[in-house]
Amino acid sequence: MTTDSKPTFRISPCNATALRKASRRLTQLYDTALEPSRLRSTQFAILVELADRSTDPPTLAELADALATDRSSLGHNLRPLEREGLVALREGATDRRRRHITLTSKGKGKWREGLRLWQVAQDRFEHVFGRSEAAALRATLLRIAYHERLASLKD
């Protein structure tokens, strides 16, 4: 963190609370930047994942796993994208019961539009927080998101 930032907040002993507060702040930053595209950051994340997997479109379960979310929440975020014609559900080539989610050509255009706007938010965050600090933060957060033991803890 840059030296000019002074804590004017109460330090919470709860990891989840601190993470949720930071998540809300970053969501506001990215959603504001993405506003001209009429995408929310949750929807843009889906388009990014689908663009990255364009040669091997994921099933709903695979996409939910990749985004570290549950299928119900993913379905809720997919519906408006499907209504807008940005994504499509396609039958599997070998198993017609398996449906794969793909970006449409309109979705690819929206992804490119969102990518330019996302970069603005990314640059703003890194300017304020620091480029190396942001990279370290991403690495830590992704370790948490995909930590096998944390995913299976129930007690």
Rounded to two decimal places and with Rh computed the Kirkwood way over Cα pairs, what is Rg over Rh for region 1-102? 1.10
Given the DSSP H assignment, sum -39500 (n - 2.57) over each helix run of at least 4 residues in the chain and divide by its residue total; what's the result at 222 nm in deg cm²/dmol, nearest 500? -20000 deg cm²/dmol
For the chain, with all protein chains present and a 1.4 Å probe, just round the carbon and sulfur fraction of the accessible area to a whole percent. 54 percent
For region 73-141, the fraction of alpha-carbon pairs in successive 10 Å shells from zero, as %: 18, 29, 27, 21, 5
Cα-based equivalent ellipsoid of region 34-85: semi-axis lengths in Å, sorted from largest, via gyration tensor: 17, 13, 10
Looking at region 112-155, which trypsin sites (Lys or Arg not before Pro) are in a loop (DSSP not H, G, I, E or B) and have at most 10 other Cβ atoms within 10 Å? Lys154
Local net charge near Ala121, Cβ-Cβ under 13 Å (Lys/Arg +1, Asp/Glu -1): 0
How large is log10 I(q)/I(0) at q = 0.09, 0.15, 0.17 Å⁻¹ when the Debye formula is applied to the Cα atoms of region 41-155, each weighted equally and without solvent? -0.30, -0.79, -0.96
Computed E for Ser23/Arg97 - FRET, C-beta separation, R0 41 angstrom, nearest 0.05: 0.70
Which whole-percent values make up P(r) of region 10-64 when all C-alpha to C-alpha distances are grouped in 5 Å steps starting at zero? 4, 17, 18, 15, 16, 16, 9, 4, 1, 0
Summed over the other residues with a beta carbon less than 13 angstrom from that of Asp65, with K and R at +1 and D and E at -1, the charge totals -2
Pick out, in residue order, every one of the GluC sites (Glu not before Pro) in region 49-142 that is DSSP loop and has at most 15 other C-beta atoms within 10 Å; say none if there are none. Glu84
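The values are calculated or read from the model by the stated rules, or taken from the named source; none is laboratory data. Please read all numbers here as calculations on a predicted model, not as lab measurements. When we count neighbours, we look across all protein chains shown, and the Cβ atoms used for this are built from the backbone with ideal geometry, even at glycine. Just the protein is used for accessible areas: all its heavy atoms, side chains included, with ligands, DNA and RNA removed. Shrake-Rupley method; radii C 1.70, N 1.55, O 1.52, S 1.80 Å.
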